[in-house]
Each structure stands twice: as structure tokens, then as C-alpha cells.
Amino acid sequence: MKFSIDTLGCKINQSESDFIVKELLEKGLELVSWSKHPDFCIINTCTVTSRSDRKARQIIRKIKSQNKNSKIIVTGCFVVFNKEFLQDCDIDLIVENKDKNKIPDLIGIMTAGRKDPEMESSDFKSCPQFNQMHSRPLVKIQDGCEQNCSYCIVPKVRGKYKSIPYREILNKIIDLQKDGFEEVVLTGIHIGKYGVDFSTAGAGKGSKISSLANLLEEVVRETSIKRIRISSIEVNEIDSRLLDILKRNNGRFASHLHIPLQSGSDRILKLMGRPYTAQYYFRKIGMISGIFPDIALTTDVMAGFPGESEEDFARMVNMIERIAFSKIHVFKFSKRMHTPAYGMSNQVGEEIKSERSKILRDIGDRLRNSYIKNHIGKLLNVVCEEMDVENNIISGTSGNYIKVYFPMDKENFPSLNGKILRVAANSEYKNGLWGILS
Ligand code: SF4
């Protein structure tokens, strides 16, 4: 039995796909590309922008049309508001996000009686295919969002806060550590809200570990994973307790925080339903940089939210320049049905949205280049991720989120994948830095 899985969208989707892959490999199925006509084609979709919807539709149609004899399973955020389309496409199994983790069992049921007994061997338990998927494994710590930012469809498709009990998280990290990984990325839809649901519901009800700060402290204490990276956190959820934990365990955390800004105008932030002002954001960043002078600060910004005037946009540009982020993800506002911003008056024209996105991307590129250049001559701790076998070059990611390349014989890569090495950066190279082992 063979299966394929294609994943669109965010890190959470990726980590959920990883779980499905791991479970199916353990059941003895083989992971292949959809072009090899597997028995099951799984498509894990996203719906965050209209572009994501378009991509989901395209890939579903393509995989379905070229795999007439495969069972097609579609899951992820796109399924919530697109059932009709999926039924028209004659999809075999449509799985809501909340049931995504049942896909391996559902496939197990569908394959019952069709299994090749040899494939059930426990030899597949630690199949290397899975380990090769990510050199910096994603560990999902929570799901769901209740913030309801006015442009965002995520709360409608991901539902209420659901945190993973801390024991499960620790066990997963310890397993990854045993498999030789040295960095994990803690991911979630809204990780600053880790544990808020434990007072009322969920498997972790009544848990003593019911905040992100508590969880991080446990991870530091109970595991010996070398480096922990936090995927994305809201500015108002970075409190002094959290900063204190990061500071006390400086060497254990990646020197990197991704803190969405979205807009630099208080008026727009308010319309977006974001719970902070530009001034608050700016002060918090000042506080963080004061404690961690070399930290990489990355962000998300949105161009062309309804009502965004030239002045609002100028405020955002000014803020980005003053903070000098090391990387910026620019999103062009995309009208999503079922969100308040869909019906807002003063929608910004497509041309202006594109113009503003370009300005922001250009600023982002310039700031990124200068951040990268500033690290020439420095020592960086790099997770080995990819091997260019023709040129014998390994590439990986530093703690402060710079892509770093260095020479290494390809024979050494399998034992180095996922390991952190110290590299002396000496010049710019491609989208990052070139260096030598130190
Ligand atoms: S915090 Fe806002 S932008 Fe982020 S997932 Fe929740 S509603 Fe969406």
C-alpha cells in the first residue's frame, strides 16, 4: 500500500501532515509522490487567503484527474467552506480539521483485508523516510484561535483554543532528541494562549502547566534538546515572565522571535481587531532588544487593509524602518468571506495594494540584506538541513534565522542532518552566508 501527502499553508498543517506520515509509515504504508499513483492521495489544504483557495482547488483537481484509481482524501481549512466543490470533484473522503488525526486509522480501516502481511512488520517503526522530512521538527503545542481579527478566517476554520497536555509535548521532544534532532520548533495557531483552555476543558484539564511560560520552563527542565524555537507569538503575550525564562536559559532558545505587527497605524490596528497600539508594540520591541541585543526579530505585515490611507501606510513604513526587522513577510489584504473585513467599506484598490506590497517587500529585502551582512565575521550555530551533493555543500539555519552554507563531504551528511554545528561566517552567499566549520 502506498500513499502520498501534499501540504499547503502554515507550520501547523505541516506538523499535522508529519503526524499522519509517521502513523502511516508505522502501519507499513509507503510514502511516495502523487505522480506514482498511490493507493491513497492525501491533500492537506489551507484557506487563509483567496490565493490559498485557488491553490487548493488546482492541486485537488490535478491529483484527482491523474489518479483515477486512488482514494482521494482532502482535509485542512479549505474543506470547511468548500464542501460543495469537493463533492462536485467526487472526493472519496473529506476530513474536518478536528478529525485530521484520525486519518491514519481511517486509512487503516479502508485497507483492512488488503494489507500485504510483510508490510506489517515492526521494522517500519522507525522508518527513515519520516526523519528525513524535517531537520528542524515541528512540535504542535496548541490549535485554535478565538481572537477574531477582523480579516482572519482562521478562528472559523480552526475553532476554539485546544492545547496539547504538556506531558505529550515533552514526550514528543524527548523522542525527537533520541532520534538525534537538536532543534525543535514549537508551533500552534496562537501559542501565547497555550493552556488557557485547561481551566475548562480538554485532556489537560486542571494541568499545573497552563501557560506558555510554564511550558517553556518544563521543556528546558525535562528535556535536553539543544535548541528550542518559538514559531510566532503575539506582542501582547510576551510578558516579563516569558522574557525572564528566555533570558535565564539564553543558550537553549533560538535567538529569534516572530512577532506579527500587521500595521503601524493605531486606527488600522483597531479596525483589524488587534489588541495593541503601535506605541505598545514599539516599546515591547525596545524592551526585547534591550535584553537580547542580537536577537532576530521577524514579522508579518499587511498591505491594503480596508481604509488604509497613505498616512496609515507611511506610519507602517516608518515603524518597520525604525525597528529594522531582520525579515518581513508581506501579505496583501485578501477579502475572505465570513470575516468582518469582507464587508467593510473603503476597500483599497488592487493596484494600490500591489504597489504598497511591493514597497514593503523592497524594504524587507534591504533590511534582510543588511542584517545578513552584519553577521559576516561572526560564529553561528547552524542546524544541518540540506546537502548539495554535486558541490559538497551543507546548508542550514542559524539560531537567528540566517541561511548558512558550508563545505562538507556528502558522506558525512546523514549523520549530521538535524545536528547543530558552529560555523564561522565569512561572506555573503546566495540568500544567506558562506562559512567554514569552526
Ligand atoms: S490571532 Fe488573529 S490573525 Fe492570528 S489566527 Fe487568530 S484571528 Fe487570525
Next item on the list: Take the chain, connect every pair of alpha-carbon atoms lying under 10 Å apart with a spring to form a Gaussian network, then pick out the residue of Ile291, Ile43, Ile72 with the largest mean-square fluctuation.
Entry: Ile291
Next item on the list: Work through the residues other than Asn318 whose Cβ is under 12 Å from its Cβ and net out their charges, Lys, Arg +1 and Asp, Glu -1.
Entry: -1
Checklist line | Rg(Cα) / (2.2 N^0.38 Å) computed for region 134-254, rounded to two decimals | finding: 1.04
Item checked: region 258-374 - Debye-derived log10 I(q)/I(0), Cα point model, q = 0.13, 0.18, 0.21 Å⁻¹ -> -0.49, -0.91, -1.18
Notebook entry, point to check: About its Cα centre, what dipole magnitude does the chain give when the only charges are +1 on Lys and Arg Cβ and -1 on Asp and Glu Cβ, stated in debye to the nearest 20?
Noted result: 660 debye
Checklist line | Euclidean distance between Cα centres, region 16-67 to region 205-272, Å | finding: 31 Å
Checklist line | region 322-362 residues near the modelled Asn374 label - backbone nitrogen below 15 Å, point 7 Å along Cα→Cβ | finding: 322-328
Notebook entry, point to check: If R0 is 22 Å, what FRET efficiency do you get for Gln177 and Ile291 from their C-beta distance, rounded to 0.05?
Noted result: 0.20
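Could you work out the per residue convex hull volume over the alpha carbons of the chain, in cubic angstrom? Provide the component values of the computation, followed by the final result.
Working: hull volume 69.5 nm³, N = 438.
Spread over its residues, the Cα hull of the chain gives 159 Å³ apiece.
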Margin query: Please report the carbon-and-sulfur percent of the accessible area for region 379-437; probe 1.4 Å, protein heavy atoms only, DNA, RNA and ligands left out.
Written below: 49 percent
Item checked: Residues of region 2-129: accessible area per residue with a 1.4 Å probe, Å² -> 51 Å²
Item checked: Dimensionless Rg over Rh [region 377-438; C-alpha; Kirkwood] -> 0.92
Item checked: Reachable aspartates and glutamates, given that their alpha-carbon falls under 15 Å from the alpha-carbon of Lys83 and they are not under 8 places away in the same chain -> Asp53, Asp92, Glu96
Item checked: Entries in Lys284/Lys353; Lys140/Lys162; Lys11/Lys162 that, when Cα-Cα distance is taken, lie over 20 Å -> Lys284/Lys353
Margin query: Out of the GluC sites (Glu not before Pro) in region 15-116, which ones are loop residues according to DSSP with at most 16 other C-beta atoms within 10 Å?
Written below: Glu96
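Only helical DSSP H runs with n ≥ 4 go in: add -39500 (n - 2.57) per run for the chain, normalise by residue count and round the 222 nm mean residue ellipticity to 500 deg cm²/dmol.
-10500 deg cm²/dmol
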Next item on the list: State, to one decimal in nm, how far the label point of Asn412 lies from the label point of Ile359, with both points 7 Å from Cα in the Cβ direction.
Entry: 4.8 nm
Next item on the list: Please state, to two decimals, what the Cα-based radius of gyration of region 1-104 comes to when divided by 2.2 N^0.38 Å (N = residues).
Entry: 0.97
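The values are calculated or read from the model by the stated rules, or taken from the named source; none is laboratory data. Note that the structure is a prediction, hence the values are computed from the model and not measured. Quick reminder, even Gly has a Cβ in these numbers, built from the backbone with ideal geometry, and neighbours come from all protein chains shown. Please note that ligands, DNA and RNA were not included when accessible areas were found on the heavy atoms of the full protein model with its side chains. Shrake-Rupley method; radii C 1.70, N 1.55, O 1.52, S 1.80 Å.
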